[in-house]
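As structure tokens, the structure follows; a few thoughts come after it.
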Amino acid sequence: MKNCNNRILSSIIIVFSLLIFISVESKPLDPYKVLGVEKDASQRQIQKAFHKLSLQYHPDKNKDKGAQEKFAEINNAYDILSDEEKRKNYDMFGDERGSPGFGGEEGGNRGGHTFFGGGGGPGQSGFRFSPDEWQTMGGQSGGSKSYSFSFGGNSKPSSGSSFGFDIGDVFSNFFGGGMSGGGNQFGSFGNSGGSHPGSRSSTKSLKSINSEFFKKEVIDKGVTWILLSYAPLMKGKQHYELIIDEVSSSLKGALEVGNVNCEVESSLCKELGIRPRNKPRVYVYSYKASETGSLIEYTGDVTVKDLKSFVQDHLPRFSKRVTLAQFEAQASTTVESLPKVILLSTKKDTPVIWRALSGLYRKRFVFYDTQVQDVYDPTAKKLGVDEVPAVVGWLSNGEKQILKNGIHVKDMKSTIRDLSSLLEAFEKKNKKIASTTQSKKPPTDSDKDSVSLLTAANFNAVCGESTPVCIIGVFRSSKGREKLHSILSSVSQMSLMRRQNPASGPRDSVSYALLDASHQSSFLYAFDKSGFKSSDKLLIAYKPRKSKFSAFTGDITTEEVEKFIGSVLNGDVQFSKTRQKPVVK
């Protein structure tokens, strides 16, 4: 027993001897020099320097000798300079705690001596020689070296620790247990308040996403999101957040970022299929494939360059890339119920800002963009543009307006905001003109009964080969008939949905009709072998001349019907061959 106590006392003496040895006088490292920035550097410059260096020396990426130690210095330097109070104190006193000498409230680097801290964090106890106090050993300028000694109870020695034993085990021989709860049983030696490398929080907090937020702010809003799914104890989260932060900063205004804690939001993660396995996972909420957003997992290297490239590729692409000739051809042959806008720029591809706007306003405008060489380009001259980039708009009555000549981009976010204001003002003007035109339009006999029930007697007149497109509302109940008649009557009176067809004289290019499916089932078999029996009501866009059709079985509302017909007339809907020629009994 006596020998055992002697060994314990010897261990304690060795530990304290080491701590005393470490506390030799030294000069603190300069955080400005560590990050390579000037004394008057802005927070943005400091943040960029930190991102660059932390990625360069991150232990997961850099296996060189001394990289981990350098990573600790970088983290600690940023911890000081990113906090205005700590930075002010350091600039004044050479110590981020704001006291040039020994303080009564806490231990620390006072007068150039090493600070020893107790506590450490959840699950840790004992003493800590903290690297964030900017201490060095040796006292020789230019040849100093920083060390981190962390003695943690109930945890493995950190990769930055110089010792592989737990001081709590030594003290347990005296008190029957280790240093419980992370507290200091010898009284407070002071808490460093610093962060161990790899444990500091992200430089920019990502939005926390829960089910309600996801439904209200993410789904179908036209905005691209980067989402990080993780579990709290998962390693590598900080590295992922640094990368995402850098990407979002470079595309600020064009996307949003957030994270999902799958331990807290387990139902959301399960619903979305984004439950992390052994490491965090990155997803992009994208509109690349369709008008409806979808989550796509990013599986490439977790680097700023690769993730940014992936995100840019998955930004919305609702703007049609055209030449002026193509644009004029579409304008003369299609009808659009929405105002249209075209961007003229020198870019070879649709600019990121325009793609972001096309996502935000995809249901309110028809977007185009075209490449021009300069203001002397024939396209720019023809549209009346005298400085590029420029945005030109057309109201639904065909009136042209130059919305913006010479767009000067200060930053992406403010430019998107300014152009959004222009679009919203233009949309407001379009609605005012449309309502005025509609109210002034005198009623006609055809307006009173623009949607008739298809019969054998009127089929050729309504949906015969002289009609380019026939919109047929199919119903199976009296309630369905009333709803379809009301919607189609309203839509058919819109001037853009009744465009005159020059080739066929005064006839409308679009005709509207109703069909009673319970009495005309053979008519529907001409389009689909099931006769659309599963649908209580639907729309069929029928092109008699080409014997082609397209069916819409979605939610039958005025807005959706108008959108479907507009897509048909714009050529954005895929048509299929009929099985045979439809015949009305």
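Among the small types (Gly, Ala, Ser) and out of contact with any Phe, Trp or Tyr (no Cβ under 6 Å at 6 or more places or on another chain): does that describe GLY273? Please lay out each step first, then the result.
Details: among the small types (Gly, Ala, Ser): yes; out of contact with any Phe, Trp or Tyr (no Cβ under 6 Å at 6 or more places or on another chain): yes.
In short, yes.
Being open to solvent by less than 10 Å² (accessible area, probe 1.4 Å) and either touching a Ser or Thr at 6+ places or on another chain (Cβ under 6 Å) or in a helix (DSSP H, G or I) (or both) is the filter; apply it to the range 463-484 and report the residue that is nearest to SER509 (Cα to Cα).
In this case the residue turns out to be THR467.
Count, please, the residues in the range 33-78 that happen to be under 13 Å from LEU242 (Cα atoms) and open to solvent by 70 Å² or more (accessible area, probe 1.4 Å).
Selection size over the range 33-78: 3.
Just one of (1) polar (S, T, N, Q); (2) farther than 22 Å from GLU424 by Cα; (3) surrounded by 17 or more Cβ atoms within 10 Å (Cβ to Cβ) trips up GLN326, so point out which.
For GLN326, the exception is condition (3).
Do you know which residues across the range 544-556 are exposed (fewer than 15 other Cβ atoms within 10 Å of the Cβ) and either on the phi > 0 side of the Ramachandran plot or under 30 Å from the mean Cα position of the chain (by Cα) (or both)?
Passing the criteria: GLY554, ASP555.
Can you tell me which residue is most open to solvent (accessible area, probe 1.4 Å) among those in the range 352-369 that are over 10 Å from SER319 (Cα atoms) and not hydrophobic (A, V, I, L, M, F, W, C)?
Result: LYS363.
Need pairs with beta-carbon distance below 7 Å; first residue under 30 Å from GLU399 (Cβ atoms) and within the range 475-500, second modelled with pLDDT of 90 or more and of a type in the set (Phe, Trp, Tyr); sequence gap 6+ or separate chains.
Listed by first residue and then by second, the contacts come to LEU488/TYR512; SER492/TYR512.
Could you grab me the full set of residues in the range 257-268 that are within 17 Å of the chain's Cα centre (by Cα) and either among the hydrophobic types (A, V, I, L, M, F, W, C) or open to solvent by 50 Å² or more (accessible area, probe 1.4 Å) (or both)?
Once the filter is applied, which keeps residues that are within 17 Å of the chain's Cα centre (by Cα) and either among the hydrophobic types (A, V, I, L, M, F, W, C) or open to solvent by 50 Å² or more (accessible area, probe 1.4 Å) (or both), the range 257-268 yields VAL257, VAL260.
Residues in the range 509-526: is at least one at pLDDT below 90, within 20 Å of GLY398 (Cβ to Cβ) and in contact with a strand residue (DSSP E or B) (Cβ under 8 Å, 6 or more places away or on another chain)?
Checked against the condition, which is being at pLDDT below 90, within 20 Å of GLY398 (Cβ to Cβ) and in contact with a strand residue (DSSP E or B) (Cβ under 8 Å, 6 or more places away or on another chain), the range 509-526 yields at least one hit.
Provide a single number: the residues in the range 305-320 that are more than 13 Å from the chain's Cα centre (by Cα) and open to solvent by 40 Å² or more (accessible area, probe 1.4 Å). Reasoning before the result, please.
Step one: filter the range 305-320 for residues more than 13 Å from the chain's Cα centre (by Cα), giving 305-306, 309, 317-320.
If we keep only those that are open to solvent by 40 Å² or more (accessible area, probe 1.4 Å) too, we end up with 305-306, 309, 317-318, 320.
Number of matching residues: 6.
What is the one condition in (1) of a type outside the set (Asp, Glu); (2) surrounded by fewer than 19 Cβ atoms within 10 Å (Cβ to Cβ); (3) within 30 Å of GLN45 (Cβ to Cβ); (4) more than 13 Å from the chain's Cα centre (by Cα) that PRO280 does not satisfy?
Single failed check for PRO280: (2).
Quick one: count up the residues across the range 385-401 that are at pLDDT 90 or above, open to solvent by 20 Å² or more (accessible area, probe 1.4 Å), outside any strand (DSSP E or B) and not charged (D, E, K, R).
Of the residues in that region, 2 qualify.
The values are calculated or read from the model by the stated rules, or taken from the named source; none is laboratory data. Remember, predicted model here, so these are calculated numbers, not experimental data. Neighbour counts are summed over all protein chains in view; Cβ atoms, including those assigned to glycine, are modelled from backbone coordinates with ideal geometry. Note: accessible area is taken over every heavy atom of the protein model, side chains too, but ligands, DNA and RNA are not part of it. Shrake-Rupley method; radii C 1.70, N 1.55, O 1.52, S 1.80 Å.
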